[in-house]
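To keep things clear, I will list the structure first and then write my remarks on it.
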Amino acid sequence: MNKKELIRTISSELDPPMSQEKIALVLDKAVEITKRTLATGEPVKWSGFGSFVLKDVPPRLFYSTHLEKYTTSKGTKRITFVPSRIK
């Protein structure tokens, strides 16, 4: 399901139906707020759906064929989704 299909489905299941433009605006704001919250390092938890958590990826040692020596990569952060246990 892509974003347009999700918006269309939400619109059709609401009673009374809401305009697809308003639903798209709400969905965009929810994603924007989620991004901002994750940028601060705080997890985002959606009850019954799951959590978005920022995890540290430690630096690792690898062989660079270009430099012909071992190099250490930079550590970084990655967003991870943990599904809810509620079924």
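Here, each number is a calculation from the coordinates, and none is a lab measurement. In this text, all values refer to a predicted model and were calculated from it rather than measured experimentally. When we count neighbours, we look across all protein chains shown, and the Cβ atoms used for this are built from the backbone with ideal geometry, even at glycine.
Here are ARG85, ARG78, ARG8: which of them is among the basic types (Lys, Arg), exposed (fewer than 10 other Cβ atoms within 10 Å of the Cβ) and either in contact with a helix residue (DSSP H, G or I) (Cβ under 7 Å, 6 or more places away or on another chain) or assigned to a strand (DSSP E or B) (or both)? I'd like the intermediate steps shown before the answer.
Details: ARG85 fails: either in contact with a helix residue (DSSP H, G or I) (Cβ under 7 Å, 6 or more places away or on another chain) or assigned to a strand (DSSP E or B) (or both); ARG8 fails: exposed (fewer than 10 other Cβ atoms within 10 Å of the Cβ).
Within the list ARG85, ARG78, ARG8, the selection yields ARG78.
Of the residues that make up segment 40-52, is at least one under 13 Å from the mean Cα position of the chain (by Cα) and of a type in the set (D, E, K, R)?
Scanning segment 40-52, I find at least one residue that is under 13 Å from the mean Cα position of the chain (by Cα) and of a type in the set (D, E, K, R), so the answer is yes.
Name every residue in segment 24-47 that is outside any loop (DSSP other than H, G, I, E, B) and touching a Leu at 6+ places or on another chain (Cβ under 8 Å), in order of residue number. It would help to see each step written out before you state the result.
Kept after step one, since they are outside any loop (DSSP other than H, G, I, E, B), are these residues of segment 24-47: 24-39, 44-46.
Scanning segment 24-47 gives LEU27, LEU38, VAL44.
Can you run down the residue pairs with Cβ atoms below 9 Å, 6 or more apart or on separate chains, where the first is in segment 48-67 and assigned to a loop (DSSP other than H, G, I, E, B) and the partner is of a type outside the set (S, T, N, Q) and loosely packed, with under 12 Cβ neighbours inside 10 Å?
GLY48/ILE86; PHE49/PRO83; PHE49/ILE86; PRO58/GLY75; PRO59/LYS74; PRO59/GLY75; ARG60/GLY75
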